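Shown next, in structure tokens, is the structure this report addresses.
The values are calculated or read from the model by the stated rules, or taken from the named source; none is laboratory data. Here the structure is a predicted model, which means the values were calculated and not measured. Counting neighbours? That spans all protein chains shown, and the Cβs are built from the backbone with ideal geometry, glycine included. For accessibility, only protein heavy atoms count, side chains too; no ligands or nucleic acids. Shrake-Rupley method; radii C 1.70, N 1.55, O 1.52, S 1.80 Å.
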Amino acid sequence: IQETLHRTSSGAYEPISAYDHIYGSGVDAMLLATVDPDLYKTNLQIIADYVQSAQRADGSWSDSPASSGDVSMSQYGILSLWACQRSGCTISPAILDRAADYLLRNGQQDGGWPYRPGTTAGAEGGGSSHNMTVAGAGTLGICRLLLHGLRNPPKPEQKEEQLLFGALQKVDTTFEEDKAKFGPAFKDYNPQHSASAIDERVNRALNWNTTHFSPFGKGGHNLYY
């Protein structure tokens, strides 16, 4: 925790290394948001500001300005911003919107994702991989949650009660009051992609993973998978 706080002590996020700047921000943000989001809100906002500033024009994140975007870095960018958003930090919905657009535009025809779209980089030489397909689907799921709300919000419990004829029935307002937390995080923002379009793409990714399922991701990084 002290190491994480040190990386924000100057008022600007200072990554542990140039390559790990987005991976590290994701881990740092998730750590602080889990330990004490109120106490560390200022630190989390510093991380959020850095991650938002590092997003590429196409909506992705990468290890350096010279490299094209990749699904792995993009996953950790969104994990970082989600942790910060849950902690009450200021996040731009346009950042999430662009990230979702990047994934929707750069997937494979088979439903999966490669490591670095448009290149042959990665264990599968530019083809869909287990790690990146799960990463892409999960990242789109987070964007969907924040931009459109929960995909399958819980339904109110139906209570069967014996009522006297003509008696007044007490209305349980708890569910209606809680519905707001299942809705979009940015109520006045109009995303460029519909919830159904994101859901359909996530379904395709999950189908790819089911069809090609392996208990271990190919090419190493098994814990990541």
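Figures for the structure shown
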{"item": "Net dipole in debye of the chain [+1 Lys, Arg Cβ; -1 Asp, Glu Cβ; about Cα centre; nearest 20]", "result": "360 debye"}
{"item": "Range of Cα positions in the range 73-131 per principal axis (Å), largest first", "result": "39, 19, 16"}
{"item": "Length released on extending from residue 39 to residue 211, taking residue separation times 0.36 nm less the Cα-Cα span", "result": "57.5 nm"}
{"item": "Relative compactness, the range 1-42, computed as alpha-carbon Rg over 2.2 N^0.38 Å", "result": "1.08"}
{"item": "Calculated diffusion of the range 37-141, Stokes-Einstein form, Kirkwood radius summed over Cα pairs, 10 °C and 1.306 mPa s, µm²/s", "result": "114 µm²/s"}
{"item": "Net charge contributed by nearby residues that have their C-beta within less than 11 Å of residue 136 (K/R +1, D/E -1)", "result": "+1"}
{"item": "Solvent-accessible area, 1.4 Å probe, carbon plus sulfur percent, for the range 73-142", "result": "47 percent"}
{"item": "Electrostatic dipole magnitude of the range 55-144 [Cβ: Lys, Arg +1; Asp, Glu -1; Cα centre; debye, to 20]", "result": "220 debye"}
{"item": "Cβ-Cβ FRET estimate between residue 14 and residue 109, R0 fixed at 41 Å, reported to 0.05", "result": "0.50"}
{"item": "Calculated P(r) of the chain - Cα pairs past 26 Å, %", "result": "43 percent"}
{"item": "Accessible solvent surface per residue of the chain, calculated while the other protein chains remain in place, 1.4 angstrom probe, Å²", "result": "55 Å²"}
{"item": "Most fluctuating residue given options 125, 107, 141, as computed from a GNM of the chain linking Cα atoms under 10 Å", "result": "125"}
{"item": "Gaussian network model of the chain, springs between alpha carbon atoms under 10 Å - residue of 48, 185, 137 with greatest fluctuation", "result": "185"}
